Amino acid sequence: METLTLGQRLADLEAHIAVLRCEQATLVADARRRQEPLACGYRSAEEWVRGTGDLGARTARRLVDLAGMIGSDTWRDLADGEITLDRALAEHRLARCDVDDDVLRTSRDWDVEGVRRLAALHRRLGKVDEQQAFASRYFSVQPNLDESMWKLDGALPGVDGAAVKALVDARADELPVVDGVRASRRQRCADALVMLVMDGAEADAADGGAMGMLATVFVDGALAAASSGEAGAEVLGGPRVGPAVLEEILCGGRVEVDVAGAVALGVGPAGHGIPPRLRRFVMARDGGRCSVGGCHSRYRLQVHHVVPVSRGGTDEPAGLATLCWFHHHVVIHGEGFAIDPASPRHARRLLPPARGP
């Protein structure tokens, strides 16, 4: 009984906090209308909230987001103390995805993390968003003064990050116990990363370009179809993916693709994509090198659909081209370039991505 009483007290206090946050958000909205942040020398409302309220960036951002919700049904529920701030922000994020009323109503059946997952699944993820995420990738290795320790830092777009994590996790799980002592998870992951780098250095010369299974991609068929692939697709237990990544998977991925329709679940076979024999034929036809004009690279050669599968491309040899890993993964699927279908087979021209909103 005491546990229930403590839980109820916790919930009551959270409801009281929600009401106070609404009062703060009302002040933020009023300040924005009066252009108070600019008058006080701040560049944005969020910066004004941080400076005047002595708040962290996350709290300030949440208050500014909350100020934009004033007048909505979710806002009224929050102001009445019926829902928590975290739920209100999650439901507001879901509502901004232009979901229908049924989805909004059923969101109350989920916990806060479930609502956030619904919002993430319905949020449109276009090629521009994917290209921006790809452009933000980086990796750095910084040594200390005597280079006795190195610090690794970086950021990767969704599927690339999931692929690295899956591979490191799998190798870390294989590491044995030494003298009855099992290293910590973080230590094993560090060891696994070093092992993978060493393995890659030794096997690179013999690599034929085929990729191992990196992830299972789950696609909500109805949602993906209605949004041209910009919503409804995600790596199982991992990140969202959009049309550019789906095209790369269909182009040559040995990745499981599960598609859920209105009634049944259709499971695509692992290794879906260009058959190995056809892949070898195309590589031999193209001289065993990248077919982009001016590039003679033989590094991790991959076969690419000149016309994406999502736009009617097929596995006919005439519609396939051999590309090096850089041109295939980075230039085409990462940065959004395309092959000019009218260009010569052994001197493919690249078409720049369409720019604009």
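The values are calculated or read from the model by the stated rules, or taken from the named source; none is laboratory data. In this text, all values refer to a predicted model and were calculated from it rather than measured experimentally. Please note: Cβ atoms are built from the backbone with ideal geometry, for glycine as well, and neighbour counts cover all protein chains shown. Each accessible area value is taken on the protein alone, full model and side chains, heavy atoms only, with ligands, DNA and RNA left out. Shrake-Rupley method; radii C 1.70, N 1.55, O 1.52, S 1.80 Å.
Go through region 83-167 and name the GluC sites (Glu not before Pro) that are in a DSSP coil and have 14 or fewer other Cβ atoms within 10 Å of their Cβ. Answer in residue order: Glu147.
Counting only protein heavy atoms and a 1.4 Å probe, region 1-160 has 67 square angstrom of accessible area per residue.
Once backbone amide H atoms are built at 1.01 Å from N, Leu351 has Ala338, Ile339, Asp340 as its partners under 5 Å, excluding neighbours fewer than 5 places away on the same chain. For region 90-184, chymotrypsin sites (Phe, Trp or Tyr not before Pro) meeting the loop criterion (DSSP other than H, G, I, E, B) and having at most 11 other Cβ atoms within 10 Å: none. When the Cα convex hull of region 1-90 is projected onto planes of every orientation, the mean area is 6.3 nm².
Fully extending the segment from Val197 to Ala155, taken as 0.36 nm per residue of separation minus the present Cα-Cα distance, adds 13.3 nm. Within region 63-100, which trypsin sites (Lys or Arg not before Pro) sit in a loop by DSSP and count at most 14 neighbouring Cβ atoms inside 10 Å? Within region 63-100, the qualifying trypsin sites (Lys or Arg not before Pro) (loop, at most 14 other Cβ atoms within 10 Å) are Arg96. At a threshold of 8 angstrom on Cα-Cα distance, excluding pairs fewer than six apart, so keeping six or more, what relative contact order does region 60-153 reach in percent? Worked out over region 60-153, it gives 18 percent.
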